[in-house]
Amino acid sequence: MTSFPDSRLRRLRGSDSMRNMARETRLTAKEFVYPVFVAHGHGVKEPIEPMPGQFQMSLDVLSEDVGEAAELGIPAVLLFGLPAEKDPLGTEGYDPEGIVQEAVRMIKKNHPNMMVVTDVCMCEYTDHGHCGVIDNGKVDNDQTLELLGRTAVSHVLAGADLPAPSAMMDGQVWAIRQALNDKGYEDTPIMGYAAKYSSGFYGPFRVAANSTPQFGDRKSYQMDPANARMAMREIEADIAEGADIVMVKPALSYLDVIRQAKDRFDVPLAAYNVSGEYSMIKAAAQNGWVDEKTVTMEVLTSIKRAGADTILTYHAKEAARWLREME
Ligand code: PBG
(Lines give C-alpha, C1' and ligand atoms only; values in the text may rest on other atoms or scores of the structure.)
Protein backbone atom coordinates (compact mmCIF):
# COMPACT_ATOMS: atom_id res chain seq x y z
CA MET A 1 0.00 0.00 0.00
CA THR A 2 1.25 3.47 -0.82
CA SER A 3 0.84 6.20 1.72
CA PHE A 4 0.87 9.97 1.78
CA PRO A 5 2.17 11.89 -0.09
CA ASP A 6 2.03 9.35 -2.97
CA SER A 7 -1.45 8.34 -2.03
CA ARG A 8 -4.11 11.04 -1.93
CA LEU A 9 -7.64 9.70 -1.58
CA ARG A 10 -9.10 13.08 -2.43
CA ARG A 11 -8.11 12.41 -6.08
CA LEU A 12 -11.11 10.11 -6.29
CA ARG A 13 -13.47 12.83 -5.06
CA GLY A 14 -12.61 15.69 -7.34
CA SER A 15 -15.65 15.70 -9.61
CA ASP A 16 -19.09 14.22 -9.95
CA SER A 17 -17.90 11.84 -12.63
CA MET A 18 -14.89 10.75 -10.61
CA ARG A 19 -17.05 10.15 -7.52
CA ASN A 20 -19.44 8.23 -9.70
CA MET A 21 -16.60 5.99 -10.95
CA ALA A 22 -15.43 5.28 -7.41
CA ARG A 23 -18.95 4.61 -6.06
CA GLU A 24 -19.38 1.22 -4.41
CA THR A 25 -23.10 1.20 -3.67
CA ARG A 26 -25.88 2.18 -6.05
CA LEU A 27 -29.53 2.34 -5.16
CA THR A 28 -32.27 1.53 -7.62
CA ALA A 29 -36.05 1.54 -7.29
CA LYS A 30 -35.93 -2.15 -8.25
CA GLU A 31 -34.93 -3.12 -4.73
CA PHE A 32 -37.73 -1.22 -2.97
CA VAL A 33 -40.87 -2.68 -1.46
CA TYR A 34 -43.53 -0.04 -0.73
CA PRO A 35 -45.68 -0.70 2.38
CA VAL A 36 -49.29 0.51 2.28
CA PHE A 37 -52.30 0.57 4.62
CA VAL A 38 -55.64 -0.48 3.18
CA ALA A 39 -58.99 0.40 4.74
CA HIS A 40 -62.66 -0.33 4.07
CA GLY A 41 -64.80 2.28 2.35
CA HIS A 42 -64.61 4.38 -0.79
CA GLY A 43 -62.66 7.55 -1.46
CA VAL A 44 -60.78 7.12 1.83
CA LYS A 45 -57.39 8.82 1.98
CA GLU A 46 -56.83 9.40 5.65
CA PRO A 47 -53.46 10.97 6.53
CA ILE A 48 -51.44 9.04 9.10
CA GLU A 49 -50.44 11.84 11.42
CA PRO A 50 -47.01 10.67 12.58
CA MET A 51 -46.08 9.53 9.06
CA PRO A 52 -46.43 12.59 6.80
CA GLY A 53 -47.06 11.50 3.21
CA GLN A 54 -48.56 8.12 4.20
CA PHE A 55 -52.29 7.36 4.21
CA GLN A 56 -54.89 4.81 5.13
CA MET A 57 -56.47 4.16 1.75
CA SER A 58 -59.62 2.49 0.45
CA LEU A 59 -59.28 0.21 -2.57
CA ASP A 60 -59.99 2.88 -5.20
CA VAL A 61 -57.39 5.28 -3.77
CA LEU A 62 -54.92 2.43 -3.28
CA SER A 63 -55.27 1.42 -6.91
CA GLU A 64 -54.08 4.88 -8.00
CA ASP A 65 -51.25 4.84 -5.51
CA VAL A 66 -50.06 1.43 -6.65
CA GLY A 67 -50.27 2.63 -10.24
CA GLU A 68 -47.92 5.51 -9.39
CA ALA A 69 -45.52 3.13 -7.67
CA ALA A 70 -45.52 0.88 -10.74
CA GLU A 71 -44.88 3.84 -13.00
CA LEU A 72 -41.87 4.76 -10.84
CA GLY A 73 -40.38 1.29 -11.31
CA ILE A 74 -41.16 -0.05 -7.83
CA PRO A 75 -41.68 -3.80 -8.22
CA ALA A 76 -43.56 -4.70 -5.03
CA VAL A 77 -45.98 -3.47 -2.39
CA LEU A 78 -46.46 -4.79 1.14
CA LEU A 79 -50.06 -4.79 2.38
CA PHE A 80 -51.33 -4.02 5.87
CA GLY A 81 -55.05 -4.13 6.54
CA LEU A 82 -57.39 -2.13 8.77
CA PRO A 83 -60.30 -4.43 9.53
CA ALA A 84 -63.92 -3.35 9.94
CA GLU A 85 -63.90 -4.91 13.40
CA LYS A 86 -61.35 -6.36 15.77
CA ASP A 87 -61.98 -9.42 17.92
CA PRO A 88 -59.95 -11.71 20.20
CA LEU A 89 -59.07 -14.13 17.38
CA GLY A 90 -58.51 -11.51 14.71
CA THR A 91 -60.95 -13.21 12.36
CA GLU A 92 -60.84 -10.66 9.55
CA GLY A 93 -57.16 -11.49 9.16
CA TYR A 94 -57.99 -14.85 7.54
CA ASP A 95 -61.41 -13.99 6.10
CA PRO A 96 -61.37 -14.70 2.35
CA GLU A 97 -63.39 -11.47 1.96
CA GLY A 98 -61.17 -9.49 4.36
CA ILE A 99 -59.76 -6.12 3.38
CA VAL A 100 -56.26 -7.39 2.57
CA GLN A 101 -57.63 -10.27 0.50
CA GLU A 102 -59.79 -7.78 -1.44
CA ALA A 103 -56.79 -5.51 -1.92
CA VAL A 104 -54.69 -8.37 -3.26
CA ARG A 105 -57.40 -9.22 -5.82
CA MET A 106 -57.77 -5.57 -6.82
CA ILE A 107 -54.02 -5.05 -7.32
CA LYS A 108 -53.60 -8.27 -9.28
CA LYS A 109 -56.47 -7.22 -11.54
CA ASN A 110 -55.52 -3.55 -12.05
CA HIS A 111 -51.72 -3.86 -11.90
CA PRO A 112 -50.87 -7.45 -12.85
CA ASN A 113 -47.11 -6.91 -12.85
CA MET A 114 -46.97 -5.48 -9.34
CA MET A 115 -45.72 -8.05 -6.88
CA VAL A 116 -47.88 -8.31 -3.78
CA VAL A 117 -46.27 -9.09 -0.45
CA THR A 118 -48.61 -9.57 2.52
CA ASP A 119 -47.84 -9.12 6.19
CA VAL A 120 -48.99 -12.29 7.96
CA CYS A 121 -49.72 -11.35 11.56
CA MET A 122 -52.65 -10.92 13.90
CA CYS A 123 -52.01 -7.62 15.70
CA GLU A 124 -53.95 -5.45 13.26
CA TYR A 125 -57.00 -7.68 13.69
CA THR A 126 -57.09 -8.56 17.37
CA ASP A 127 -58.92 -6.37 19.91
CA HIS A 128 -56.08 -6.92 22.41
CA GLY A 129 -53.49 -5.87 19.82
CA HIS A 130 -51.13 -8.81 20.33
CA CYS A 131 -49.66 -10.80 17.45
CA GLY A 132 -51.24 -14.11 18.52
CA VAL A 133 -53.96 -15.94 20.41
CA ILE A 134 -54.23 -15.05 24.10
CA ASP A 135 -54.59 -17.97 26.49
CA ASN A 136 -54.36 -17.46 30.23
CA GLY A 137 -53.10 -13.92 29.74
CA LYS A 138 -50.21 -15.10 27.53
CA VAL A 139 -49.61 -15.14 23.79
CA ASP A 140 -49.92 -18.83 22.93
CA ASN A 141 -47.38 -19.86 20.30
CA ASP A 142 -48.84 -23.08 18.92
CA GLN A 143 -52.49 -21.99 18.78
CA THR A 144 -51.33 -18.96 16.81
CA LEU A 145 -49.52 -21.08 14.21
CA GLU A 146 -52.71 -22.57 12.83
CA LEU A 147 -54.26 -19.12 12.34
CA LEU A 148 -51.11 -17.75 10.68
CA GLY A 149 -51.24 -20.69 8.26
CA ARG A 150 -54.88 -19.92 7.45
CA THR A 151 -54.05 -16.24 6.96
CA ALA A 152 -51.22 -16.97 4.53
CA VAL A 153 -53.37 -19.41 2.55
CA SER A 154 -56.17 -16.83 2.28
CA HIS A 155 -53.68 -14.26 0.94
CA VAL A 156 -52.22 -16.66 -1.61
CA LEU A 157 -55.67 -17.83 -2.72
CA ALA A 158 -56.48 -14.17 -3.41
CA GLY A 159 -53.32 -13.97 -5.55
CA ALA A 160 -50.55 -12.80 -3.20
CA ASP A 161 -47.01 -13.54 -4.41
CA LEU A 162 -45.10 -13.55 -1.15
CA PRO A 163 -46.58 -14.01 2.33
CA ALA A 164 -44.35 -12.55 5.01
CA PRO A 165 -44.95 -13.76 8.57
CA SER A 166 -44.13 -11.08 11.16
CA ALA A 167 -45.71 -12.42 14.36
CA MET A 168 -42.41 -13.78 15.75
CA MET A 169 -44.00 -17.06 16.80
CA ASP A 170 -41.59 -19.99 16.84
CA GLY A 171 -42.33 -22.27 13.89
CA GLN A 172 -44.37 -19.72 11.96
CA VAL A 173 -42.49 -20.26 8.70
CA TRP A 174 -42.82 -24.04 9.06
CA ALA A 175 -46.55 -23.75 9.79
CA ILE A 176 -47.14 -21.53 6.76
CA ARG A 177 -45.02 -23.76 4.50
CA GLN A 178 -47.10 -26.79 5.52
CA ALA A 179 -50.37 -24.91 5.10
CA LEU A 180 -49.41 -23.69 1.63
CA ASN A 181 -48.15 -27.12 0.56
CA ASP A 182 -51.40 -28.72 1.73
CA LYS A 183 -53.27 -26.47 -0.71
CA GLY A 184 -50.87 -27.17 -3.57
CA TYR A 185 -48.88 -23.93 -3.30
CA GLU A 186 -45.43 -25.51 -3.11
CA ASP A 187 -44.12 -22.88 -5.52
CA THR A 188 -45.12 -19.84 -3.46
CA PRO A 189 -42.12 -18.41 -1.62
CA ILE A 190 -42.13 -17.13 1.97
CA MET A 191 -40.32 -14.10 3.34
CA GLY A 192 -39.68 -14.52 7.06
CA TYR A 193 -39.45 -11.47 9.33
CA ALA A 194 -36.70 -13.55 10.85
CA ALA A 195 -34.87 -11.11 13.12
CA LYS A 196 -37.58 -8.74 14.28
CA TYR A 197 -36.72 -6.70 17.32
CA SER A 198 -39.00 -5.36 20.00
CA SER A 199 -38.55 -1.76 18.93
CA GLY A 200 -39.77 1.69 19.85
CA PHE A 201 -39.37 2.54 16.18
CA TYR A 202 -42.70 0.80 15.44
CA GLY A 203 -44.56 3.55 17.34
CA PRO A 204 -45.91 5.43 14.30
CA PHE A 205 -46.94 2.16 12.62
CA ARG A 206 -49.09 1.28 15.59
CA VAL A 207 -50.91 4.59 15.17
CA ALA A 208 -51.28 3.86 11.44
CA ALA A 209 -52.57 0.32 12.01
CA ASN A 210 -54.23 1.03 15.35
CA SER A 211 -52.43 -2.03 16.73
CA THR A 212 -50.93 -0.98 20.06
CA PRO A 213 -51.11 -3.90 22.53
CA GLN A 214 -53.89 -3.24 25.05
CA PHE A 215 -51.87 -4.87 27.86
CA GLY A 216 -48.19 -5.62 28.31
CA ASP A 217 -45.75 -5.39 25.40
CA ARG A 218 -44.27 -7.59 22.68
CA LYS A 219 -41.07 -8.47 24.48
CA SER A 220 -42.05 -12.10 25.06
CA TYR A 221 -42.00 -12.74 21.31
CA GLN A 222 -40.04 -9.96 19.56
CA MET A 223 -36.27 -9.88 20.03
CA ASP A 224 -34.21 -8.00 22.60
CA PRO A 225 -32.40 -5.11 20.83
CA ALA A 226 -29.24 -6.05 22.69
CA ASN A 227 -28.86 -9.37 20.85
CA ALA A 228 -27.10 -9.96 17.54
CA ARG A 229 -26.01 -13.60 17.92
CA MET A 230 -29.59 -14.56 18.68
CA ALA A 231 -30.59 -12.86 15.44
CA MET A 232 -28.37 -15.37 13.63
CA ARG A 233 -30.23 -18.21 15.35
CA GLU A 234 -33.58 -16.69 14.37
CA ILE A 235 -32.48 -16.41 10.74
CA GLU A 236 -31.05 -19.92 10.74
CA ALA A 237 -34.33 -21.24 12.17
CA ASP A 238 -36.39 -19.45 9.51
CA ILE A 239 -34.21 -20.84 6.71
CA ALA A 240 -34.44 -24.34 8.20
CA GLU A 241 -38.24 -23.99 8.32
CA GLY A 242 -38.35 -23.08 4.64
CA ALA A 243 -38.02 -19.29 4.41
CA ASP A 244 -36.92 -18.28 0.91
CA ILE A 245 -36.06 -14.70 1.91
CA VAL A 246 -35.21 -13.49 5.40
CA MET A 247 -35.51 -10.06 6.94
CA VAL A 248 -33.89 -7.90 9.59
CA LYS A 249 -36.18 -5.30 11.16
CA PRO A 250 -35.80 -2.42 11.98
CA ALA A 251 -32.91 -1.46 9.69
CA LEU A 252 -31.12 1.61 10.92
CA SER A 253 -30.26 0.66 14.47
CA TYR A 254 -29.46 -2.87 13.25
CA LEU A 255 -27.06 -2.32 10.34
CA ASP A 256 -24.54 -4.57 12.11
CA VAL A 257 -27.11 -7.36 12.18
CA ILE A 258 -27.80 -6.88 8.46
CA ARG A 259 -24.08 -7.14 7.72
CA GLN A 260 -23.58 -10.24 9.84
CA ALA A 261 -26.58 -11.92 8.24
CA LYS A 262 -25.29 -11.06 4.77
CA ASP A 263 -21.87 -12.53 5.49
CA ARG A 264 -23.31 -15.67 6.96
CA PHE A 265 -26.33 -16.74 4.92
CA ASP A 266 -26.75 -17.25 1.20
CA VAL A 267 -30.45 -16.42 0.91
CA PRO A 268 -31.78 -13.06 -0.26
CA LEU A 269 -31.80 -10.58 2.59
CA ALA A 270 -34.43 -7.91 3.18
CA ALA A 271 -34.30 -5.03 5.65
CA TYR A 272 -37.30 -3.05 6.89
CA ASN A 273 -36.74 0.70 7.18
CA VAL A 274 -39.60 1.03 9.69
CA SER A 275 -42.13 3.71 10.50
CA GLY A 276 -40.19 5.48 13.26
CA GLU A 277 -37.13 5.73 11.04
CA TYR A 278 -39.31 7.41 8.41
CA SER A 279 -41.01 9.71 10.92
CA MET A 280 -37.73 10.95 12.38
CA ILE A 281 -36.55 12.20 9.01
CA LYS A 282 -39.92 13.77 8.20
CA ALA A 283 -40.08 15.57 11.54
CA ALA A 284 -36.53 16.88 11.36
CA ALA A 285 -37.00 17.95 7.74
CA GLN A 286 -40.26 19.76 8.53
CA ASN A 287 -38.34 21.71 11.15
CA GLY A 288 -35.65 22.56 8.64
CA TRP A 289 -33.08 20.70 10.72
CA VAL A 290 -31.91 18.28 8.01
CA ASP A 291 -32.11 18.21 4.24
CA GLU A 292 -34.77 15.61 3.53
CA LYS A 293 -33.54 14.26 0.23
CA THR A 294 -29.89 14.04 1.29
CA VAL A 295 -30.67 12.31 4.56
CA THR A 296 -33.20 9.91 3.04
CA MET A 297 -30.84 8.80 0.29
CA GLU A 298 -28.00 8.48 2.80
CA VAL A 299 -30.11 6.23 5.03
CA LEU A 300 -31.30 4.03 2.16
CA THR A 301 -27.75 3.77 0.79
CA SER A 302 -26.46 2.74 4.22
CA ILE A 303 -29.03 -0.06 4.44
CA LYS A 304 -27.95 -1.36 1.05
CA ARG A 305 -24.26 -0.94 1.88
CA ALA A 306 -24.80 -2.97 5.06
CA GLY A 307 -25.96 -5.85 2.87
CA ALA A 308 -29.69 -5.62 2.20
CA ASP A 309 -30.81 -6.93 -1.20
CA THR A 310 -34.33 -5.61 -0.70
CA ILE A 311 -35.42 -2.55 1.29
CA LEU A 312 -38.95 -2.20 2.60
CA THR A 313 -39.46 1.54 2.94
CA TYR A 314 -42.19 4.17 3.17
CA HIS A 315 -39.77 6.43 1.26
CA ALA A 316 -40.07 4.15 -1.81
CA LYS A 317 -42.02 6.53 -4.05
CA GLU A 318 -40.16 9.73 -3.21
CA ALA A 319 -36.79 7.96 -3.36
CA ALA A 320 -37.68 6.46 -6.74
CA ARG A 321 -38.53 9.98 -7.96
CA TRP A 322 -35.24 11.38 -6.66
CA LEU A 323 -33.32 8.53 -8.27
CA ARG A 324 -35.01 9.30 -11.58
CA GLU A 325 -34.06 12.99 -11.30
CA MET A 326 -30.47 12.08 -10.53
CA GLU A 327 -30.11 9.87 -13.61
C1 PBG B 1 -47.02 -6.58 12.58
C2 PBG B 1 -46.03 -5.59 12.09
C3 PBG B 1 -45.53 -4.46 12.74
C4 PBG B 1 -44.70 -3.82 11.82
C5 PBG B 1 -44.70 -4.60 10.67
N6 PBG B 1 -45.50 -5.71 10.87
C7 PBG B 1 -45.81 -3.88 14.07
C8 PBG B 1 -45.36 -4.46 15.31
O9 PBG B 1 -44.73 -5.52 15.35
O10 PBG B 1 -45.68 -3.85 16.32
C11 PBG B 1 -43.97 -2.54 12.04
C12 PBG B 1 -43.63 -1.78 10.81
C13 PBG B 1 -43.21 -0.39 11.00
O14 PBG B 1 -43.00 0.12 12.12
O15 PBG B 1 -43.06 0.26 9.97
N16 PBG B 1 -46.60 -7.36 13.64
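Computed from backbone phi, the HN-Hα couplings of the range 241-257 come to 7, x, 5, 8, 9, 10, 10, 10, 8, x, 9, 5, 7, 10, 4, 5, 5 Hz, rounded to whole numbers (Karplus: 6.51 cos²θ - 1.76 cosθ + 1.60, θ = phi - 60°; Gly and Pro given as x).
Principal-axis analysis of the Cα atoms of the chain puts helix 275-286 at an angle of about 50° to the longest axis. In the calculated pair distance distribution of the range 158-304, what percentage of Cα-Cα distances lie above 27 Å? Across the range 158-304, Cα pairs with separations above 27 Å total 28 percent. Amide H contacts under 5 Å for residue 81: 38, restricted to partners 5 or more places along the chain or on a different chain, H placed in the peptide plane at 1.01 Å from N. The C-alpha atoms of the chain define a longest principal axis, and helix 141-158 lies at about 80 degrees to it.
The value obtained for the range 1-87, namely the Cα convex hull volume divided by the number of residues, is 191 Å³ per residue. Take every DSSP beta bridge whose two residues both sit in the chain; close to 15 percent of them are antiparallel.
Projected over all directions and averaged, the alpha-carbon convex hull of the chain occupies 18.5 nm². Residues considered: 220, 166, 275. Largest GNM mean-square fluctuation over the chain, using C-alpha springs under 10 Å, is found at 220. Per residue, the solvent-accessible area of the chain (1.4 Å probe, heavy atoms of protein chains only, all protein chains present) comes to 47 Å². Note on the chain: with neighbouring protein chains present and a 1.4 Å probe, carbon and sulfur make up 50 percent of its accessible heavy-atom surface. Dividing the summed helix terms, -39500 (n - 2.57) for each DSSP H run of n ≥ 4, by the number of residues in the chain produces a 222 nm estimate of -12000 deg cm²/dmol to the nearest 500. Are any of the pairs 30/293; 196/262; 30/196; 196/304; 138/219; 86/249 more than 22 Å apart by Cα-Cα distance, and if so, which? Table pairs above 22 Å Cα-Cα are 30/196; 86/249. For chymotrypsin sites (Phe, Trp or Tyr not before Pro), the sites in the range 251-318 that DSSP calls loop and that have at most 14 other Cβ atoms within 10 Å are 289. Based on Cα atoms of the range 112-205, Rg over Rh with Rh as the Kirkwood radius reads 0.98. Couplings 3J(HN,Hα) of the range 209-222, computed from phi: 9, 6, 10, 5, x, 7, 8, x, 9, 9, 5, 7, 10, 7 Hz, in residue order, whole Hz [Karplus 6.51 cos²θ - 1.76 cosθ + 1.60, θ = phi - 60°; x for Gly and Pro]. Note the angle between two axes, namely the Cα long axis of helix 292-306 and the longest principal axis of the Cα atoms of the chain, as a number of degrees from 0 to 90, rounded to the nearest 10. Taking the Cα atoms of the chain, the angle to 292-306 is about 80 degrees. For trypsin sites (Lys or Arg not before Pro), the sites in the range 117-196 that DSSP calls loop and that have at most 14 other Cβ atoms within 10 Å are 183. Among the GluC sites (Glu not before Pro) in the range 53-111, those placed in a DSSP loop whose Cβ has at most 11 other Cβ atoms within 10 Å are 85, 97.
For residue 120, the residues whose amide H sits under 5 Å from its own are 164, 166, ignoring neighbours fewer than 5 places away on the same chain, with H placed 1.01 Å from N.
The phi torsions of the range 101-115, fed into the Karplus equation with coefficients 6.51, -1.76 and 1.60 and a -60° offset, translate into couplings of 4, 5, 5, 4, 4, 4, 5, 5, 7, 7, 9, x, 8, 6, 6 Hz, rounded to whole numbers, with Gly and Pro shown as x. Near the amide H of residue 55, within less than 5 Å, lie the amide hydrogens of 37, 48, all on another chain or at least 5 residues away, with H placed in the peptide plane.
The values are calculated or read from the model by the stated rules, or taken from the named source; none is laboratory data. The structure presented is a predicted model; accordingly, all values stated were derived computationally and were not measured. Reconstructed Cβ throughout: ideal geometry from the backbone, glycine too, with neighbour counts over all protein chains shown. The accessibility values were calculated without ligands, DNA or RNA, using every heavy atom of the protein model including side chains. Shrake-Rupley method; radii C 1.70, N 1.55, O 1.52, S 1.80 Å.
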